[in-house]
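Peer 1: Can you read through this structure? Questions will come right after.
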Amino acid sequence: MSEIDFSQGLLPVIIQDADTHAVLMLGYMNEEAYRQTKETGLVTFYSRSRQSLWVKGETSGHYLHVVEIRSDCDGDALLIRARPAGPTCHRGTYSCFTEKGELSGSFLGHLSRLIQKRKEEALENSYTARLFSEGLPRIAQKVGEEAVETVIAALSGSAYQTAQEAADLLYHLWVLLHAVGISPQEVEAILRQRHEQRRSGM
(Lines give C-alpha, C1' and ligand atoms only; values in the text may rest on other atoms or scores of the structure.)
Protein backbone atom coordinates (compact mmCIF):
# COMPACT_ATOMS: atom_id res chain seq x y z
CA MET A 1 0.00 0.00 0.00
CA SER A 2 1.06 3.54 -0.70
CA GLU A 3 0.94 6.07 2.12
CA ILE A 4 -2.65 7.28 2.27
CA ASP A 5 -2.95 10.97 1.46
CA PHE A 6 -5.85 12.82 3.11
CA SER A 7 -4.45 16.23 2.27
CA GLN A 8 -7.36 16.90 -0.10
CA GLY A 9 -9.90 16.02 2.59
CA LEU A 10 -12.01 13.21 1.15
CA LEU A 11 -10.89 10.08 -0.67
CA PRO A 12 -13.10 8.00 -2.99
CA VAL A 13 -13.59 4.46 -1.67
CA ILE A 14 -14.56 1.49 -3.83
CA ILE A 15 -16.26 -1.35 -1.94
CA GLN A 16 -15.70 -4.81 -3.41
CA ASP A 17 -17.29 -8.07 -2.28
CA ALA A 18 -14.44 -10.17 -0.87
CA ASP A 19 -16.00 -13.43 -2.08
CA THR A 20 -17.57 -12.58 -5.44
CA HIS A 21 -15.19 -9.72 -6.40
CA ALA A 22 -18.17 -7.64 -7.53
CA VAL A 23 -18.02 -3.87 -7.06
CA LEU A 24 -20.74 -3.04 -4.54
CA MET A 25 -20.66 0.74 -4.20
CA LEU A 26 -18.63 3.93 -4.15
CA GLY A 27 -18.37 6.18 -1.12
CA TYR A 28 -16.05 8.72 0.47
CA MET A 29 -13.90 8.80 3.59
CA ASN A 30 -12.04 11.41 5.50
CA GLU A 31 -9.26 10.49 7.89
CA GLU A 32 -11.65 10.04 10.82
CA ALA A 33 -13.93 7.70 8.84
CA TYR A 34 -10.90 5.69 7.74
CA ARG A 35 -9.64 5.40 11.33
CA GLN A 36 -13.07 4.33 12.61
CA THR A 37 -13.36 1.74 9.81
CA LYS A 38 -10.04 0.20 10.83
CA GLU A 39 -10.91 0.21 14.53
CA THR A 40 -14.41 -1.28 14.25
CA GLY A 41 -14.07 -3.50 11.17
CA LEU A 42 -17.26 -1.93 9.79
CA VAL A 43 -17.10 0.33 6.76
CA THR A 44 -17.72 3.91 7.83
CA PHE A 45 -18.11 6.71 5.28
CA TYR A 46 -18.22 10.46 5.39
CA SER A 47 -21.55 11.74 4.11
CA ARG A 48 -21.06 14.79 1.88
CA SER A 49 -24.75 15.70 2.11
CA ARG A 50 -25.01 15.42 5.91
CA GLN A 51 -21.45 16.52 6.58
CA SER A 52 -20.97 13.74 9.12
CA LEU A 53 -19.75 10.17 9.53
CA TRP A 54 -22.12 7.27 8.87
CA VAL A 55 -21.66 3.56 9.37
CA LYS A 56 -22.96 1.67 6.36
CA GLY A 57 -25.86 -0.47 7.59
CA GLU A 58 -26.39 1.33 10.90
CA THR A 59 -30.11 1.68 10.07
CA SER A 60 -30.78 -1.41 7.96
CA GLY A 61 -28.39 -3.82 9.68
CA HIS A 62 -26.74 -4.49 6.31
CA TYR A 63 -23.20 -3.78 7.47
CA LEU A 64 -20.07 -4.12 5.38
CA HIS A 65 -17.55 -6.21 7.30
CA VAL A 66 -13.99 -5.30 6.33
CA VAL A 67 -11.68 -8.02 5.03
CA GLU A 68 -8.89 -5.91 3.53
CA ILE A 69 -8.08 -2.26 2.84
CA ARG A 70 -5.80 -1.18 0.01
CA SER A 71 -4.82 2.18 -1.44
CA ASP A 72 -4.05 2.90 -5.06
CA CYS A 73 -0.55 3.71 -6.35
CA ASP A 74 -0.91 7.43 -5.52
CA GLY A 75 -2.48 6.97 -2.10
CA ASP A 76 -5.51 9.08 -3.05
CA ALA A 77 -8.14 6.35 -3.46
CA LEU A 78 -9.07 3.28 -1.42
CA LEU A 79 -10.28 -0.23 -2.25
CA ILE A 80 -12.02 -2.06 0.58
CA ARG A 81 -12.79 -5.75 0.24
CA ALA A 82 -15.71 -6.55 2.51
CA ARG A 83 -18.42 -9.10 3.21
CA PRO A 84 -21.90 -7.58 3.04
CA ALA A 85 -24.52 -8.56 5.61
CA GLY A 86 -27.40 -8.20 3.18
CA PRO A 87 -28.15 -5.91 0.22
CA THR A 88 -25.69 -3.05 -0.18
CA CYS A 89 -27.86 -0.54 -2.02
CA HIS A 90 -30.66 1.44 -0.35
CA ARG A 91 -32.95 0.10 -3.12
CA GLY A 92 -32.54 -3.37 -1.63
CA THR A 93 -30.35 -4.64 -4.46
CA TYR A 94 -27.14 -6.64 -4.08
CA SER A 95 -25.04 -3.67 -5.20
CA CYS A 96 -25.52 -0.10 -6.34
CA PHE A 97 -24.75 -1.28 -9.88
CA THR A 98 -27.28 -4.12 -10.17
CA GLU A 99 -31.02 -4.45 -10.65
CA LYS A 100 -33.35 -6.26 -8.24
CA GLY A 101 -32.57 -9.98 -8.14
CA GLU A 102 -29.37 -9.58 -10.15
CA LEU A 103 -26.12 -11.00 -8.73
CA SER A 104 -22.93 -9.64 -10.23
CA GLY A 105 -19.39 -10.94 -9.83
CA SER A 106 -18.34 -14.58 -9.52
CA PHE A 107 -21.37 -16.82 -9.01
CA LEU A 108 -19.19 -19.35 -7.20
CA GLY A 109 -18.86 -16.85 -4.37
CA HIS A 110 -22.64 -16.46 -4.22
CA LEU A 111 -23.03 -20.25 -4.38
CA SER A 112 -20.74 -20.69 -1.39
CA ARG A 113 -22.84 -18.30 0.69
CA LEU A 114 -26.06 -19.98 -0.39
CA ILE A 115 -24.74 -23.43 0.55
CA GLN A 116 -23.73 -22.17 4.00
CA LYS A 117 -27.17 -20.60 4.43
CA ARG A 118 -28.91 -23.86 3.47
CA LYS A 119 -26.67 -25.73 5.93
CA GLU A 120 -27.67 -23.40 8.77
CA GLU A 121 -31.39 -23.22 7.91
CA ALA A 122 -31.82 -26.98 7.26
CA LEU A 123 -34.99 -26.47 5.19
CA GLU A 124 -36.92 -29.69 4.52
CA ASN A 125 -37.46 -28.97 0.82
CA SER A 126 -33.81 -28.07 0.15
CA TYR A 127 -31.63 -30.59 -1.72
CA THR A 128 -28.54 -29.00 -0.19
CA ALA A 129 -29.91 -29.28 3.34
CA ARG A 130 -30.81 -32.91 2.68
CA LEU A 131 -27.23 -33.64 1.61
CA PHE A 132 -25.95 -32.20 4.89
CA SER A 133 -28.48 -34.25 6.86
CA GLU A 134 -27.33 -37.44 5.10
CA GLY A 135 -23.80 -36.84 6.29
CA LEU A 136 -20.26 -36.63 4.96
CA PRO A 137 -20.07 -40.16 3.45
CA ARG A 138 -23.06 -39.42 1.20
CA ILE A 139 -21.68 -36.01 0.22
CA ALA A 140 -18.27 -37.53 -0.59
CA GLN A 141 -19.99 -40.27 -2.63
CA LYS A 142 -21.79 -37.63 -4.70
CA VAL A 143 -18.51 -35.83 -5.41
CA GLY A 144 -17.02 -39.10 -6.63
CA GLU A 145 -20.04 -39.84 -8.83
CA GLU A 146 -20.02 -36.38 -10.39
CA ALA A 147 -16.26 -36.55 -11.00
CA VAL A 148 -16.66 -39.82 -12.91
CA GLU A 149 -19.57 -38.42 -14.93
CA THR A 150 -17.49 -35.35 -15.79
CA VAL A 151 -14.64 -37.53 -17.05
CA ILE A 152 -17.02 -39.66 -19.11
CA ALA A 153 -18.61 -36.58 -20.67
CA ALA A 154 -15.20 -35.10 -21.50
CA LEU A 155 -14.03 -38.33 -23.15
CA SER A 156 -17.24 -38.50 -25.18
CA GLY A 157 -16.32 -35.19 -26.82
CA SER A 158 -19.48 -33.35 -25.81
CA ALA A 159 -18.54 -29.87 -24.65
CA TYR A 160 -22.12 -29.10 -23.56
CA GLN A 161 -22.46 -32.27 -21.46
CA THR A 162 -19.00 -31.78 -19.98
CA ALA A 163 -19.96 -28.26 -18.86
CA GLN A 164 -23.18 -29.59 -17.32
CA GLU A 165 -21.37 -32.34 -15.41
CA ALA A 166 -18.59 -29.95 -14.34
CA ALA A 167 -21.24 -27.64 -12.85
CA ASP A 168 -22.66 -30.58 -10.87
CA LEU A 169 -19.16 -31.50 -9.71
CA LEU A 170 -18.32 -27.99 -8.56
CA TYR A 171 -21.61 -27.68 -6.66
CA HIS A 172 -21.10 -30.98 -4.80
CA LEU A 173 -17.45 -30.17 -4.14
CA TRP A 174 -18.53 -26.84 -2.61
CA VAL A 175 -20.99 -28.74 -0.38
CA LEU A 176 -18.19 -31.11 0.67
CA LEU A 177 -15.93 -28.19 1.62
CA HIS A 178 -18.64 -26.64 3.78
CA ALA A 179 -19.36 -30.04 5.34
CA VAL A 180 -15.78 -30.35 6.59
CA GLY A 181 -15.49 -26.69 7.57
CA ILE A 182 -13.28 -25.45 4.75
CA SER A 183 -14.14 -22.32 2.79
CA PRO A 184 -13.49 -22.18 -0.97
CA GLN A 185 -11.40 -19.09 -0.22
CA GLU A 186 -8.97 -21.27 1.75
CA VAL A 187 -8.54 -23.54 -1.27
CA GLU A 188 -8.06 -20.52 -3.51
CA ALA A 189 -5.38 -19.20 -1.13
CA ILE A 190 -3.47 -22.48 -1.39
CA LEU A 191 -3.58 -22.33 -5.20
CA ARG A 192 -2.35 -18.72 -5.11
CA GLN A 193 0.45 -19.63 -2.71
CA ARG A 194 1.58 -22.52 -4.93
CA HIS A 195 1.55 -20.27 -7.97
CA GLU A 196 3.65 -17.63 -6.23
CA GLN A 197 6.14 -20.25 -5.00
CA ARG A 198 6.58 -21.67 -8.49
CA ARG A 199 6.89 -18.21 -9.99
CA SER A 200 9.65 -17.37 -7.53
CA GLY A 201 11.48 -20.61 -8.36
CA MET A 202 10.86 -22.36 -5.04
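Peer 1: Name the pairs: first residue in region 133-148 and over 17 Å from residue 181 (Cβ atoms), second residue of a type outside the set (Phe, Trp, Tyr), Cβ to Cβ under 6 Å, at least 6 apart or on different chains?
Peer 2: 142/172; 146/168; 146/169; 146/172; 147/169
Peer 1: Do we have any residue at all in region 124-132 that's of a type in the set (Phe, Trp, Tyr), closer than 19 Å to residue 183 by Cβ and out of contact with any Cys (no Cβ under 8 Å at 6 or more places or on another chain)? Steps first, answer last, please.
Peer 2: So in region 124-132, the residues of a type in the set (Phe, Trp, Tyr) come out as 127, 132.
Subsequent filtering for residues that are closer than 19 Å to residue 183 by Cβ retains 132.
Keeping just the survivors that are out of contact with any Cys (no Cβ under 8 Å at 6 or more places or on another chain) gives 132.
For region 124-132, residues of a type in the set (Phe, Trp, Tyr), closer than 19 Å to residue 183 by Cβ and out of contact with any Cys (no Cβ under 8 Å at 6 or more places or on another chain): present.
Peer 1: Can residue 126 be described as in contact with a Lys or Arg (Cβ under 6 Å, 6 or more places away or on another chain) and outside the structural domain of residue 57 (by TED's automatic domain parsing)?
Peer 2: Judged against the criteria, residue 126 is a match.
Peer 1: Is it the case that region 73-80 has a residue that's free of Cβ contacts under 8 Å to residues at least 24 places away in the same chain and not aliphatic (A, V, I, L, M)?
Peer 2: no
Peer 1: Still on this structure, please answer the following. It is to be established whether one or more residues within region 34-44 are closer than 22 Å to residue 86 by Cα, free of Cβ contacts under 8 Å to residues at least 40 places away in the same chain, touching a helix residue (DSSP H, G or I) at 6+ places or on another chain (Cβ under 6 Å) and aliphatic (A, V, I, L, M).
Peer 2: Yes.
Peer 1: When you check residue 200 against the structure, is it under 27 Å from residue 21 (Cβ atoms), of a type in the set (S, T, N, Q), in contact with a Leu (Cβ under 8 Å, 6 or more places away or on another chain) and surrounded by fewer than 17 Cβ atoms within 10 Å (Cβ to Cβ), yes or no? Let's see the steps before the verdict.
Peer 2: Working: under 27 Å from residue 21 (Cβ atoms): yes; of a type in the set (S, T, N, Q): yes; in contact with a Leu (Cβ under 8 Å, 6 or more places away or on another chain): no; surrounded by fewer than 17 Cβ atoms within 10 Å (Cβ to Cβ): yes.
When the stated conditions are applied, residue 200 does not pass them.
Peer 1: Residue by residue through region 1-27, note down the ones that are farther than 20 Å from residue 85 by Cα and not acidic (Asp, Glu).
Peer 2: Result: 1, 2, 4, 6, 7, 8, 9, 10, 11, 12.
Peer 1: Output the number of the condition that residue 138 fails; it satisfies all remaining conditions of (1) touching a Leu at 6+ places or on another chain (Cβ under 8 Å); (2) buried (at least 16 other Cβ atoms within 10 Å of the Cβ); (3) of a type in the set (D, E, K, R).
Peer 2: The one condition residue 138 does not meet is (2).
Peer 1: Here's a follow-up. If only one of 128, 150 is β-branched (Val, Ile, Thr), modelled with pLDDT of 95 or more, over 25 Å from residue 14 (Cβ atoms) and over 20 Å from the mean Cα position of the chain (by Cα), which one is it? Reasoning before the result, please.
Peer 2: On the way: 128 fails: over 20 Å from the mean Cα position of the chain (by Cα).
It is 150.
Peer 1: Collect the residues in region 37-81 that are under 23 Å from the mean Cα position of the chain (by Cα), polar (S, T, N, Q) and either at positive phi or not in a loop (DSSP other than H, G, I, E, B) (or both), keeping them in residue-number order. If you could, list the steps in order and put the result at the bottom.
Peer 2: First, the residues of region 37-81 that are under 23 Å from the mean Cα position of the chain (by Cα): 37-45, 55-72, 77-81.
Adding the requirement that they be polar (S, T, N, Q) leaves 37, 40, 44, 59-60, 71.
Across region 37-81, the qualifying residues are 37, 40, 44, 71.
Peer 1: Residue 85 fails exactly one of the following numbered conditions: (1) farther than 28 Å from residue 8 by Cα; (2) of a type outside the set (Ser, Thr, Tyr); (3) in contact with a helix residue (DSSP H, G or I) (Cβ under 7 Å, 6 or more places away or on another chain). What is the number of that condition?
Peer 2: Result: residue 85 passes all but (3).
Peer 1: Kindly establish whether residue 167 is of a type in the set (Gly, Ala, Ser) and within 25 Å of residue 19 (Cα to Cα).
Peer 2: Yes.
Peer 1: Within region 45-72, track down each residue that is under 24 Å from residue 7 (Cα atoms), surrounded by fewer than 17 Cβ atoms within 10 Å (Cβ to Cβ) and free of Cβ contacts under 8 Å to residues at least 40 places away in the same chain.
Peer 2: Across region 45-72, the qualifying residues are 47, 48, 49, 50, 51, 52, 53, 54, 55.
Peer 1: Got a number for residues in region 105-150 being part of a helix (DSSP H, G or I) and either of a type in the set (Gly, Ala, Ser) or at positive phi (or both)?
Peer 2: 7
The values are calculated or read from the model by the stated rules, or taken from the named source; none is laboratory data. Owing to the predicted nature of the structure, the values given are computational and were not obtained by experimental measurement. We place every Cβ from the backbone using ideal geometry, glycine too, and count neighbours over all the protein chains shown.
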